[in-house]
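This report refers to the structure that appears directly beneath it.
The values are calculated or read from the model by the stated rules, or taken from the named source; none is laboratory data. As the structure is a computational prediction, the values presented were derived from the model and not from experiment. Quick reminder, even Gly has a Cβ in these numbers, built from the backbone with ideal geometry, and neighbours come from all protein chains shown. These accessible areas exclude ligands, DNA and RNA; they are computed on the full protein's heavy atoms, side chains included. Shrake-Rupley method; radii C 1.70, N 1.55, O 1.52, S 1.80 Å.
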Amino acid sequence: MSVTILKEKCRGCKLCLKACPFDAIYMDNGKAVINSEKCTNCGACESSCKFGAILVEREQKEEVKDLSAYKGVWVYAEQRQGKLMFTSLELLGEGRKLADKLGVELSAVLLGHEVDDICQELIHYGADKVIYANHKLLQNYTTDGYTKVIADLINEKKSEIVIIGATNIGRDLAPRVAARLNTGLTADCTKLDIDEEQRILLQTRPAFGGNLMATIVTPNHRPQMSTVRPGVMKKMEKDESRTGVVEKVDVNLHDEDLRVKVEEIVKSAKQTVNLVEAQYIVSGGRGLGGPEGFKLMQELADALGGVVGSSRAAVDAGWISHDHQVGQTGKTVRPRVYIACGISGAIQHLAGMQNSDCIIAINKNPDAPIFSVADYGIVGDLYKVVPMLIEEVKKLKE
Ligand code: FAD
């Protein structure tokens, strides 16, 4: 896009000077002139001119490319220090369904250094093929290195769908790869599907603060890229009889490609809670009335062999740290049993736990929305109910 002032038409009225949000127009000999250093080509001046003296040339819409060369579903297999992230297995389970619907191959894309052991695991969890980039500069994640290698691979092999876990690394990597490939990215999807008629990916995610679900498509660009939050998709059962191909690929990566060098990885001493893989979660909300209530939550969680979760209200009140938060802006969980204590069941909380196998809600308000998703509802004071539950669980264990 470019902006030009037609001198012969300009009457020197200065209206365009006022309209320009970037102060990019000045007067010279009674005529408006564009300061090209400040002009952002936004076109805001065009409608201010009553004499048709401003010409904004807009680029033609990009032509729809031939997308038929793009085939196959790819899942980014995230590993850290040789350990495969659980979320990659979940994504393989989902990728398998998408690939089967499209009748194409499911590939896991593995980057690292000497992490060969992971390849078979990826096949056992659903991949037909592992595209394995093994290089010493890929030992630790770097934005530059991983972006380059994945973008090169996609340019060369042309996958139609790429799914990446919305982990800290995935959230860094996916947008950069998408930008480099000039394609779209739908972040934090909670559901993926295929429009079988058009053979395109339907990417669903919460929008407007979780009040509605938006389904986003990428019809004119490839690959179609999504990130998916950990805990949302279900992994397949491990099948050690599955076989697949491991394709070792050449890596074109040099020291000068990496602007950041990882000297050392120092793990935080803070104890983090693994909500995503937990089978039993006991969550507390504002109904606990204060931080002390989480001791009771911990007691029940310990009795069950589980972990403690929380609503955002409890985190915002400073009663527990954010890594315990379940929900739209916390973790998405899928335990066997989720016990919600003193949590009302706001839509943003439900977004993170409603796929749990069994939900037990304890709330003194019989109309609390949490009961609409609960398999078992207990109307009562949590400080009376939870100690009874702890006692019963302990008895069962004896
Ligand atoms: P409340 O809604 O205040 O509910 C407290 C409940 O405790 C009540 O139902 C009450 O009846 C019950 N209660 C009180 N005393 C007792 C007792 N003694 N025994 C039993 N029951 C009792 N929230 C999340 O949880 N996770 C998120 O990720 C999240 N993300 C958000 C993102 C956005 C963009 C927005 C706008 C909001 C988000 N929220 C999130 C906040 C959410 O809307 C709610 O405000 C929050 O979930 C409420 O927490 P709560 O249920 O603990 O508190």
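For residue 9, a cut-off of 15 angstrom between C-alpha atoms picks up these aspartates and glutamates, skipping any fewer than 8 places away in its own chain: 28, 46. With semi-axes defined as the square roots of five times the eigenvalues of the C-alpha gyration tensor, the equivalent ellipsoid of the chain measures 47, 32, 20 Å, largest first.
Assuming a viscosity of 1.002 mPa s and a temperature of 20 °C, what translational diffusion coefficient in µm² per second does Stokes-Einstein assign to the stretch 150-294, Rh being the Kirkwood radius over Cα pairs? Don't skip to the answer; put the middle values down first.
Numbers: Rh = 19.0 Å.
The Stokes-Einstein estimate is 113 µm²/s.
With a cut-off of 15 Å between beta carbons, the residues surrounding residue 223 carry a summed charge of +3, where Lys and Arg count +1 and Asp and Glu -1.
What pairs from 71/158; 97/148; 97/248; 364/394; 295/397; 101/148 go past 18 Å between their alpha carbons?
Result: 97/148; 97/248; 364/394; 295/397; 101/148 exceed 18 Å.
Could you work out the relative contact order of the chain? I mean the mean sequence separation of Cα pairs under 8 Å and 6+ apart, divided by the number of residues, in percent. Don't skip to the end; give the middle numbers.
Details: 810 pairs, mean separation 46.0, N = 398.
It rounds to 12 percent for the chain.
Rounded to two decimals, what ratio of Rg to Rh does the stretch 18-82 give with C-alpha atoms and a Kirkwood Rh? Could you put the intermediate results ahead of the total?
Details: Rg = 22.7 Å, Rh = 16.6 Å.
Expressed as Rg/Rh, it is 1.37.
Computed from the alpha carbon atoms alone, the convex hull of the stretch 317-398 holds 112 Å³ per residue. Net charge in the neighbourhood of residue 205 (other residues with Cβ under 12 Å of its Cβ; Lys, Arg +1, Asp, Glu -1) is +1. Cα convex hull, the stretch 54-140: 171 Å³ per residue, rounded to a whole number. For the pair residue 245 and residue 263 in one chain, pulling the backbone fully straight at 0.36 nm per residue adds 3.1 nm over the alpha carbon distance.
Solvent-accessible area of the stretch 28-102 (1.4 angstrom probe, protein heavy atoms only): carbon and sulfur portion equals 48 percent. Full extension of the chain between residue 9 and residue 171 yields a length gain of 53.3 nm, computed as 0.36 nm times the residue separation minus the alpha carbon distance.
Under 23 Å of direct C-alpha separation, and excluding same-chain neighbours fewer than eight residues apart, residue 7 reaches these lysines: 18, 31, 38, 50. Computed over the stretch 1-153, the range of Cα coordinates on each principal axis works out to 74, 34, 22 Å, biggest value leading. Applying the criteria of a DSSP loop state and at most 15 other Cβ atoms within 10 Å to the chymotrypsin sites (Phe, Trp or Tyr not before Pro) of the stretch 7-60 yields 22, 51.
Compute the distance from the alpha-carbon center of the stretch 202-257 to that of the stretch 13-85, in whole Å. Going from one Cα centre to the other spans 30 Å. Over the chain, DSSP H runs of length four or greater, each weighted -39,500 (n - 2.57), average out per residue to a 222 nm ellipticity of -7500 deg cm²/dmol.
For Cα pairs less than 8 Å apart in space and 6+ apart in sequence, what is the mean separation divided by the residue count of the stretch 59-163, i.e. the relative contact order in percent?
On the way: 154 pairs, mean separation 35.8, N = 105.
Across the stretch 59-163, relative contact order equals 34 percent.
Write out the GluC sites (Glu not before Pro) in the stretch 1-59 meeting two conditions: DSSP loop, and at most 12 other Cβ atoms within 10 Å of their Cβ.
On the way: sites: 8, 37, 46, 57, 59; in loops: 8, 37, 59.
Within the stretch 1-59, the qualifying GluC sites (Glu not before Pro) (loop, at most 12 other Cβ atoms within 10 Å) are 8, 37, 59.
Beta bridges assigned by DSSP with both partners in the stretch 1-121 are antiparallel in approximately 65 percent of cases.
Please give the net charge around residue 120, taking every other residue with its beta carbon less than 10 angstrom from that of residue 120, where Lys and Arg add +1 and Asp and Glu add -1. All intermediate terms of the calculation are to be shown ahead of the outcome.
Values: positive: 242; negative: 116, 117, 121, 240.
Value of the local net charge: -3.
Ligands, DNA and RNA are left out, and with a 1.4 angstrom probe the accessible area of the chain is 52 Å² per residue. About the centre of its Cα atoms, the stretch 5-91 shows a dipole size close to 360 debye [charges on the beta carbon of Lys, Arg (+1) and Asp, Glu (-1) only; nearest 20 debye].
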